[in-house]
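Structure, as structure tokens:
The values are calculated or read from the model by the stated rules, or taken from the named source; none is laboratory data. This structure is a prediction, so every number in the text was calculated from the model and none was measured. Cβ coordinates were reconstructed from backbone atoms using ideal geometry, including for glycine residues, and neighbour counts include every protein chain displayed.
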Amino acid sequence: MAKSGHQRKRRATAPPPPTPPMSNRERTRAARTGGPHTAVPAQRTNSRQTILIAAGVAAVVVVAAVVIGVLARGGDDPKTVSTNTSLAPVEGRVKGSAGAPVTIIEYSDLQCPNCASFALGTEKEIEKRYIETGKVKLEARNFAFLGKESERAALANECAGEQGKYWQYRDVLYANQKGENRGGFSDANLKRLAATVGMDGETLGACMDSGRYDERVKQDRLAGQASGVQGTPSFLINGQLIVGNQPPAAFYAAIEQALAGR
């Protein structure tokens, strides 16, 4: 039914209904969730509450900026990962002297072509120049994120350590990549490749199926993510994050900087 002009005029000029005051709980919820502050008319807003809310928002922004900055740098404190006792280096997958002043933590996926390129190339140069001279130790960690075959290959490589063939088997896996999840690292192939470095394939398979390294592979990846690792290969050189298969000079510079700052 159409409203008369008089009725429209009265509705247009009628004052809005009063807004009930917000409770303390409602104010807290609005401040935390970025809720609609316009629910409180401007003339009723307490200036002290406004200042406190603004200060709280500013503090959150500052903390977030600091956290983002640390993650972008891979963490300024090299103790971020190394002091976690649940992630202590595993015997067999650390290359170099335990007393070396510089530690390189390498995060890799065994299906990653750039990881293979580094391991079979630049890493060998670092080994000659720094690891064999006692200046650097290299710790391998799993960042198996490319699929099921990455996870199975990581488990197989951990199991190879039980037979004293961690590094030899790792290099064989890198040299036999067949693309991501195309059967190259099927369980049958992983056991077959074990024989090329003098391991017993059935023993390797039984170890993989035992589940005793499942948590290790999982925790490696979580530790990498906590340190800013998003892909492979990635490296922490005394806490400094280096991403990708960089030219050897980039690693030499980071190692020399770490040696100078010890």
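The set of residues from segment 211-220 being surrounded by fewer than 15 Cβ atoms within 10 Å (Cβ to Cβ) and part of a helix (DSSP H, G or I) comprises D214, E215, K218.
Taking the criterion of being within 18 Å of G161 (Cβ to Cβ) and either exposed (fewer than 14 other Cβ atoms within 10 Å of the Cβ) or of a type in the set (G, A, S) (or both), the residues of segment 91-102 that qualify are E91, G92, G96, A98. If we keep just the residues of segment 143-186 that are part of a loop (DSSP other than H, G, I, E, B) and among the charged types (D, E, K, R), which is nearest to E127 (Cα to Cα)? Residue satisfying both the conditions and the ranking: K165. Within the span defined as segment 222-240, every residue fails to be at pLDDT 95 or above, under 30 Å from T133 (Cβ atoms) and more than 24 Å from the chain's Cα centre (by Cα). Evaluation of A223 against the conditions (1) out of contact with any Leu (no Cβ under 7 Å at 6 or more places or on another chain); (2) within 21 Å of G96 (Cβ to Cβ) shows that the sole unmet condition is (1).
Inspect all residues belonging to segment 221-241 and state whether any of them is without any contact (Cβ under 8 Å) to a residue 12 or more places away in the chain, part of a helix (DSSP H, G or I) and surrounded by fewer than 21 Cβ atoms within 10 Å (Cβ to Cβ). Checked against the condition, which is being without any contact (Cβ under 8 Å) to a residue 12 or more places away in the chain, part of a helix (DSSP H, G or I) and surrounded by fewer than 21 Cβ atoms within 10 Å (Cβ to Cβ), segment 221-241 yields at least one hit. If you filter segment 94-142 down to residues that are touching a helix residue (DSSP H, G or I) at 6+ places or on another chain (Cβ under 7 Å) and in a loop (DSSP other than H, G, I, E, B), you find that the one that is nearest to L173 (Cα to Cα) is L110.
The set of residues in segment 190-205 being surrounded by fewer than 19 Cβ atoms within 10 Å (Cβ to Cβ) and either assigned to a helix (DSSP H, G or I) or among the basic types (K, R) (or both) consists of R192, A195, T196, V197, G201, E202, T203, G205. From the set of residues in segment 103-157 that are surrounded by fewer than 24 Cβ atoms within 10 Å (Cβ to Cβ) and β-branched (V, I, T), which is nearest to L190 (Cα to Cα)? Taking the candidates together, the pick is T122.
Of the residues making up segment 242-262, those that are closer than 14 Å to N114 by Cβ and in contact with a strand residue (DSSP E or B) (Cβ under 6 Å, 6 or more places away or on another chain) are I242, V243.
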